[in-house]
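Visitor: The structure's right below; bear with me while I get my questions together.
The values are calculated or read from the model by the stated rules, or taken from the named source; none is laboratory data. All values reported here derive from a predicted model rather than from experimental measurement. Here the Cβ positions follow ideal geometry from the backbone for every residue, glycine too, while neighbour counts run over all protein chains shown.
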Amino acid sequence: MFGWEFPPHNSGGLGTACFGLTRALAQAGAEVVFVLPKRFLVSADFLRFRFAEIENVKFRRVPGLLYPYVTSEKYAEIRPNANSNLYGWSLLEEVQLYAERAAAIAAEEDFDIIHAHDWLAYPAGLAAKRVSGKPLVVHVHATEFDRTGGTGVNQEVYAIEQAGMQQADQIVTVSGWTKNIVEKNYNVPSEKIKVVHNGVDLDGLNFGPKKIPLAALKQAGNKIVLFVGRITLQKGPDYFIQLAQRVLELEPKTYFVVAGSGDMEAQIIREAARLGIAERVIFAGFLRGAELEAMYRAADIYILPSVSEPFGITPLESLVAGTPVLISKQSGVAEVVKHALKVDFWDVEEMTNQVVTVLRHPPFQQTLATYGQQEVRKVTWLEAAKKCLEVYQSVLRFS
Amino acid sequence: MARSGEEMFGSLSISVKVLLIMPAVCMYFQVHQPLRVKKYRVFDIGQDGDYFNDDSETNLNNKRIVHKVAEKCYVPASKVLLDLTRRYPEFRANFSISGVALEQFERWSPETIDLLQQLVATGQVEILGETYHHSLSFFYSPPEFEHQVKLHAAKVKKLFGVKPKVFRNTELSYRNDLGTWAEQAGYDGVLTEGWDHWLGWKSPNFLYRPPGTKKIKLFLKNYKLSDDMAFRFGERTWREWPLTAEKFAHWISAHNGAGEIINLFMDYETFGEHQWADSGIFDFLSALPGEVYKHPDNRFLTLSEAAREFEARDELDLPSIVTWADTERDLSAWTGNEMQTYALKTIYDLEPVVLETENKNLIESWRRLQTSDHFYYMCTKWFADGDVHAYFNPYASPYEAFIAYINAVADLKWRLEQVPRS
């Protein structure tokens, strides 16, 4: 299995998904060799702790410098000297290097099937397929169309994605939403795509101290509305700020917490200031683990205003923590959670209407939380792993 | 359920037949359309005092729904029944029609009113009593309940010139104290669900006596036969499909000796709305009396006639609330989650303040917000018996139903605050 990030060295849901899926696959009886591009400075304790129970997951690392969620704008920020027409001279080189090393690893290893997660790993998957002759499954967690919001699609990345999807034996998408995007934009027949919704780890949360952040604010009668995710176009942080402005007109005793970082961070801070709500918007930075869980618990409602969200694991984590969610209709997670508020990402008025009603009526908030929490228990990685095994079996039958 | 007389009695059936009492058939059709709350938003509080005037192309548009259901059900079904009253002078049927439905028909479907009036004028169709606003007020505010029953009786008197003699509470909800109340209020009968879990060995095909009453008769819905018509009729996977009038009449006759009365209670919308015309439901209805009358002793009765004719065979103790809804047959579709109980409490807590204003508009808004459907739309029992709930829900989710409702109530509160206090 080829991926490029793994907790705790993940910048978003992709690493979380790789962790959840591989652990469940191992539980379901699959032996997984997980190839990472780089020797990360991982917290060995954490890793050992996490994987002690799943002995048959092996980690292979190749050196590299990869950043999973990159847009051309972000790339210009990271590499100001790079030619902005290229996605990144170094990045694409690294992807090629990763593919070369992947071929070498594939020649050494004994396996039945190759599974590659998202575009940075597709060339590695294809290389492994070439040297081994084994079938390739590509797993689409996001496409270039999600990352860019549909404008400014990078042609080189698009070409890599298309090569991966067309040469793969089977495509797995994390939602029906993403399946539609793949069908529409990558010229792949519907039959070749199988939807495997992500899951959520119930034991991955619920650890650490129970100290509630922002406790003083809450005790003073303030409500907390939470955004968790990269501060980037795809995630709709600008809609979150517009929401904050409208909600504050009706419910002034509310704080808006932005947990994450990203290329639009400076822009969002400026926007909050321009709207005169800066003191009501708290930037918490990138949170993980116990800190993130505590933030979910502190919040009265979690918002996912994504413009295009292939899946969206964070609302599931919020529900596990007992905090109700409002999710964009333009998300995969909306396909698996019924007990949630659902709004078009652009409909800030309706979002405001729903959020204010939650803040004003605690029994409503409680009902959403109770049923959402019950429901999310059924959205497991084991289900996802079982579906992946079905995909493997069908691919192996035809190869 | 016994499906055939032969199976039950074998060769004895011919010799004992003369000794058996043939069961009478009581058909009661519920007619109700709520005034659905439009997509009322937080921004509308204090700005818009009309909660029920959605004019979109959605199922929140009450006028649109009345037009649609009148065309598909009320008009054609009433024509079939009128025809039946002419063909069979002995044919009988019963209706319960909520006040909010009658009001909407007066505004948007006078033809429905006219046909219902013609039916009642035949003397073959009885009108039952219920709450004007199709509310659950019996369980939340007895004085308010009595008021709504009086409002309904006045409306029925005005439109049909009759006084209801038999009572049915919203969603067939019932508890012992409703039986006691109905007797004191002068009714001859009261209706509820005949659910096995409460009946034990007792049969729904007899009349019963609520504890502590003397004269009033308790009618129990035969849910198996009723649901064969109302729910299963058009279901092609059902092993009895297609259900013919002949077969159904045979099932009714199979109860000879095993009961005195078969109560077929269902929504009137069964005809043409829940079961579409192309399922053959109208032909079935039209053919049913003829098939039932093929057994010469069989008859149809109004509920009042049945209450006069049959004795209560036993006392029936129903101390907890019974309804005709879902597999639980309780109020959980209306009160099963926290937002529902909160919404109900919020609206009934307003009672003293609303009544104190003596303002007709405010009181009427408050009553319209008591209609049980508002709370039904907030039902979260989606995964167990969800299909029925989703089908009847004009909102995208129970949560959107709550949002519209609670913000309308917030506006009503705001309007109440504007009324000068003496």
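Visitor: Could you check segment B:152-165 and list, in sequence order, the residues that are surrounded by fewer than 16 Cβ atoms within 10 Å (Cβ to Cβ) and either small (Gly, Ala, Ser) or touching a helix residue (DSSP H, G or I) at 6+ places or on another chain (Cβ under 9 Å) (or both)? Walk me through it before giving the result.
Guide: Narrowing segment B:152-165 to residues surrounded by fewer than 16 Cβ atoms within 10 Å (Cβ to Cβ): B:154, B:157-158, B:161-163.
B:Ala154, B:Gly161, B:Val162, B:Lys163, listed by residue number.
Visitor: From the list A:Ile327, A:Ile313, pick out the single residue that is touching a residue at least 60 places away in the same chain (Cβ under 8 Å), under 27 Å from B:Tyr395 (Cα atoms) and aliphatic (A, V, I, L, M).
Guide: After applying the criteria, what remains is A:Ile313.
Visitor: Additional query: Just the residues that are of a type outside the set (Ser, Thr, Tyr), touching a residue at least 40 places away in the same chain (Cβ under 8 Å) and facing chain B (nearest Cβ under 8 Å), please, taken from segment A:342-359.
Guide: A:Glu349, A:Val356
Visitor: Okay, next question. Only one residue in A:Ile224, A:Ile212, A:Ile231 is farther than 30 Å from A:Glu108 by Cα, touching an Asp or Glu at 6+ places or on another chain (Cβ under 6 Å), in contact (Cβ under 8 Å) with a residue 40 or more places away in the chain and of a type in the set (A, V, I, L, M, F, W, C), so which one is that?
Guide: Only one candidate passes the filter, namely A:Ile224.
Visitor: Another one. Taking into account only those residues within segment A:360-399 that are among the small types (Gly, Ala, Ser) and within 14 Å of chain B (Cβ to nearest Cβ), which is surrounded by the fewest Cβ atoms within 10 Å (Cβ to Cβ)? So that I can check it myself, show each step before the final result.
Guide: Going through segment A:360-399, the residues among the small types (Gly, Ala, Ser) turn out to be A:369, A:372, A:384-385, A:394, A:399.
Subset that is within 14 Å of chain B (Cβ to nearest Cβ): A:369, A:372.
Working: A:Ala369: 22, A:Gly372: 24.
So, considering only residues that are among the small types (Gly, Ala, Ser) and within 14 Å of chain B (Cβ to nearest Cβ), the one surrounded by the fewest Cβ atoms within 10 Å (Cβ to Cβ) is A:Ala369.
Visitor: Also, quick follow-up: For B:Leu178, are the conditions met, namely being at pLDDT 95 or above and assigned to a helix (DSSP H, G or I)?
Guide: yes
Visitor: Assess whether B:Phe145 counts as being within 29 Å of B:Gln340 (Cβ to Cβ) and part of a strand (DSSP E or B).
Guide: Values: within 29 Å of B:Gln340 (Cβ to Cβ): yes; part of a strand (DSSP E or B): no.
Here the answer is no, as B:Phe145 does not meet what is asked.
Visitor: Any residue that is assigned to a strand (DSSP E or B), aromatic (Phe, Trp, Tyr) and more than 17 Å from the chain's Cα centre (by Cα) - is there at least one of those in segment A:233-256?
Guide: Among the residues of segment A:233-256, at least one is assigned to a strand (DSSP E or B), aromatic (Phe, Trp, Tyr) and more than 17 Å from the chain's Cα centre (by Cα), which makes the answer yes.
Visitor: Has segment B:79-88 got any residue that is within 27 Å of B:Pro398 (Cβ to Cβ), of a type in the set (D, E, K, R) and either more than 22 Å from the chain's Cα centre (by Cα) or surrounded by 22 or more Cβ atoms within 10 Å (Cβ to Cβ) (or both)? Show your work before the answer.
Guide: Within segment B:79-88, the first condition is being within 27 Å of B:Pro398 (Cβ to Cβ), and the residues that meet it are none.
Looking for residues that are within 27 Å of B:Pro398 (Cβ to Cβ), of a type in the set (D, E, K, R) and either more than 22 Å from the chain's Cα centre (by Cα) or surrounded by 22 or more Cβ atoms within 10 Å (Cβ to Cβ) (or both), one finds none in segment B:79-88, hence no.
Visitor: Right, here's the next one. Kindly indicate whether any position in segment A:242-254 is assigned by TED's automatic domain parsing to the domain that holds A:Ala340, free of Cβ contacts under 8 Å to residues at least 60 places away in the same chain, touching a Gly at 6+ places or on another chain (Cβ under 7 Å) and surrounded by fewer than 24 Cβ atoms within 10 Å (Cβ to Cβ).
Guide: Yes, some residue in segment A:242-254 is assigned by TED's automatic domain parsing to the domain that holds A:Ala340, free of Cβ contacts under 8 Å to residues at least 60 places away in the same chain, touching a Gly at 6+ places or on another chain (Cβ under 7 Å) and surrounded by fewer than 24 Cβ atoms within 10 Å (Cβ to Cβ).
Visitor: Among residues belonging to segment B:386-422 that are more than 8 Å from every other protein chain (Cβ to nearest Cβ) and outside any helix (DSSP H, G or I), point out the one that is modelled with the lowest pLDDT.
Guide: B:Ser422
Visitor: So which of A:Ala284, A:Ala272 is touching a strand residue (DSSP E or B) at 6+ places or on another chain (Cβ under 9 Å) and at pLDDT below 95?
Guide: Details: A:Ala272 fails: at pLDDT below 95.
Just one listed residue meets the conditions, A:Ala284.
Visitor: Here is a follow-up. Scan segment B:52-78 for residues that are within 30 Å of B:Leu285 (Cα to Cα) and either loosely packed, with under 15 Cβ neighbours inside 10 Å or among the acidic types (Asp, Glu) (or both) and report the count.
Guide: Result for segment B:52-78: 3.
Visitor: Give segment B:36-51 a look and list any residue that's surrounded by fewer than 21 Cβ atoms within 10 Å (Cβ to Cβ) and closer than 30 Å to B:Gln117 by Cβ, or say none.
Guide: B:Asp50 - this is the single residue of segment B:36-51 that is surrounded by fewer than 21 Cβ atoms within 10 Å (Cβ to Cβ) and closer than 30 Å to B:Gln117 by Cβ.
Visitor: Sticking with this structure for a sec: Return the only residue of B:Val66, B:Val80, B:Val75 being aliphatic (A, V, I, L, M), out of contact with any Phe, Trp or Tyr (no Cβ under 9 Å at 6 or more places or on another chain) and in the same structural domain as B:Gln275 (by TED's automatic domain parsing).
Guide: B:Val75
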